[in-house]
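*Asks:* Take a look at this one; I'll ask things after.
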Amino acid sequence: EQAAINVLWRAKLDQEIVSDSMEMHQLLRSQADSLIQNISHSGRIDSSQARHSVSCIADSLEKNIAAMVWLTRIKRADEYTAQHCVNVAILSMGLAQALEWQQDQVELAGLAGMLHDLGKTKLDKTILNKPGRLSEKEYAHVKQHARFGYLMLREDKEVHPAVAQAVLEHHERPDGGGYPNGRDRATLQPMSALISVVDAYDAITSKRPYSAARSHHEALGILWKQRNKQFDAGMVEALIQFLGWITPGTVVRLTTGQHAIVLRASHEHRLWPLVRLL
């Protein structure tokens, strides 16, 4: 029997699963848009609907995991913030479930992923969207987003403290060189380490004002090189094992020159997935 971490190897895509997953993805996306809009208008977070949406998705995640992960690969450059929050929520729940965390912890990981970057709504947009390299002063301003998000969440008594803590710590590093508090590996909770790795993976594979999108394989290589420095080594290894080299939904080019979409990965033959020609 395959380990829980290899859930994507036995997952599949079909019409029903893709349809259900698109509906849930849209639900989560509408919640992300609503959260951002509410913060912009009132300066406060109302997480009640986001908690409900995350809980609904977590309940059916194992069945729909292949399609949900596939949907995180579809990115629009002009919709980065809300899209990124949704992607990190989905991938965080998938990884937490693959690590066999309890269901309530899976849901908390999803909520932390959904809320991790909402402190950026308090930042100066010209600095946040600057295409070039940030000055030291500008970077110091951007680094405040983790604390801003944490302080907003602390005002919502319905948000679990572990979620607020993960939002505060998602840019901390095992080597102590992160922010906002420069905490090291020994003092970081596992949820913070999980959100940190997933956040970086989705950011690296997305187009941002100062950086082109990198491929899935490049992103895994970058995370691997930074294990035990910028990212928790165990969590990097877990994400790589969870996502795999080829996952359902990946578009591949065959030796014949034809293109196909991966329907199912293979545990026995990792580079020989089941595909459908496009």
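The values are calculated or read from the model by the stated rules, or taken from the named source; none is laboratory data. This one's a predicted model, so the numbers in the text were calculated from it and none came from an experiment. In this analysis, Cβ positions are derived from the backbone assuming ideal geometry, glycine residues included, and neighbour counts consider all displayed protein chains. Heavy atoms of the whole protein, side chains included, go into the accessibility calculation; ligands, DNA and RNA do not. Shrake-Rupley method; radii C 1.70, N 1.55, O 1.52, S 1.80 Å.
*Asks:* Quick one: with all protein chains in place, what share of the accessible area of region 142-269 is carbon or sulfur, to the nearest percent (1.4 Å probe)?
*Replies:* Details: 3050 of 6000 Å².
Carbon plus sulfur share of accessible area: 51 percent.
*Asks:* Another question about this same structure. Starting from the 7 Å offset along Cα-to-Cβ, what nm value, one decimal, do you get for the label separation of LYS143 and ASP14?
*Replies:* With each label point 7 Å from Cα toward Cβ, the separation is 5.2 nm.
*Asks:* Same structure again: Where the centroid of each part is defined by its Cα atoms, how far is region 78-140 from region 183-228 in Å?
*Replies:* Here the two parts' Cα centres lie 11 Å apart.
*Asks:* ALA4 to GLU158: extension gain in nm, 0.36 nm per residue of separation minus the Cα-Cα distance? Provide the component values of the computation, followed by the final result.
*Replies:* Numbers: separation 154, 0.36 × 154 = 55.44 nm, distance 3.05 nm.
The ALA4-GLU158 span can extend by a further 52.4 nm.
*Asks:* Using 27 Å as the Cα-Cα cut-off, could you pick out the over-long pairs in LYS63/LYS125; LYS63/LYS229; LYS143/LYS229; LYS137/LYS207? Could you put the intermediate results ahead of the total?
*Replies:* Details: LYS63/LYS125 39 Å; LYS63/LYS229 35 Å; LYS143/LYS229 18 Å; LYS137/LYS207 24 Å.
The answer is LYS63/LYS125; LYS63/LYS229.
*Asks:* Using a cut-off of 12 Å between alpha-carbon atoms, which aspartates and glutamates can reach LYS12, once sequence neighbours fewer than 8 places away in the same chain are excluded?
*Replies:* In chain and number order, the partners are GLU62.
*Asks:* Using the per-residue mean of other Cβ atoms lying within 10 Å as a proxy for protection, in what order, highest first, do the peptides 203-210, 128-135, 192-199 fall?
*Replies:* Details: 203-210: 15.5, 128-135: 11.6, 192-199: 26.4.
Packing proxy ranking, top to bottom: 192-199, 203-210, 128-135.
*Asks:* Using helices alone, I'd like the mean residue ellipticity at 222 nm for the chain: each DSSP H run of four-plus residues gives -39500 (n - 2.57), total over residue count, nearest 500. All intermediate terms of the calculation are to be shown ahead of the outcome.
*Replies:* On the way: 13 runs with 154 residues, N = 278.
Roughly -17000 deg cm²/dmol at 222 nm, from the helical runs in the chain.
*Asks:* What shape does region 170-278 have by the C-alpha gyration tensor, where a ≥ b ≥ c are the square roots of the eigenvalues, rounded means a/c under 1.5, and otherwise prolate means a/b greater than b/c and oblate the rest? The partial results should precede the final answer.
*Replies:* Values: a/c = 3.35, a/b = 2.08, b/c = 1.61.
Taking the square roots of the gyration eigenvalues as a ≥ b ≥ c, region 170-278 is prolate.
*Asks:* Mind checking which aspartates and glutamates have their C-alpha under 18 Å from LYS120, skipping anything on the same chain fewer than 8 residues away?
*Replies:* Answer for LYS120, where 18 Å is the Cα cut-off: ASP33, ASP46, ASP78, GLU79, GLU136, GLU138, GLU155, ASP156, GLU169, GLU172, ASP199, ASP202, listed by chain and number.
*Asks:* Separate question: Can you give the accessible area per residue of the chain, in Å², using a 1.4 Å probe? Before the final figure, lay out each step's value.
*Replies:* Details: 13800 Å² over 278 residues.
I get 50 Å² per residue for the chain.
*Asks:* In whole percent, what relative contact order does the chain give with Cα contacts below 8 Å and a gap of six or more residues?
*Replies:* Numbers: 445 pairs, mean separation 56.4, N = 278.
Once normalised by length, the contact order is 20 percent.
*Asks:* All other residues with a Cβ under 15 Å from the Cβ of SER19 taken together, and with Lys, Arg as +1 and Asp, Glu as -1, what is their net charge? Intermediate values should be presented prior to the final figure.
*Replies:* Numbers: positive: LYS12, LYS63; negative: ASP14, GLU16, ASP20, GLU23.
Computed value for this residue: -2.
*Asks:* Hey, another quick one. Expressed as an acute angle from 0 to 90° and rounded to the nearest 10, what is the orientation of the C-alpha long axis of helix 15-42 relative to the principal long axis of the chain?
*Replies:* Relative to the chain, helix 15-42 is tipped by roughly 10 degrees.
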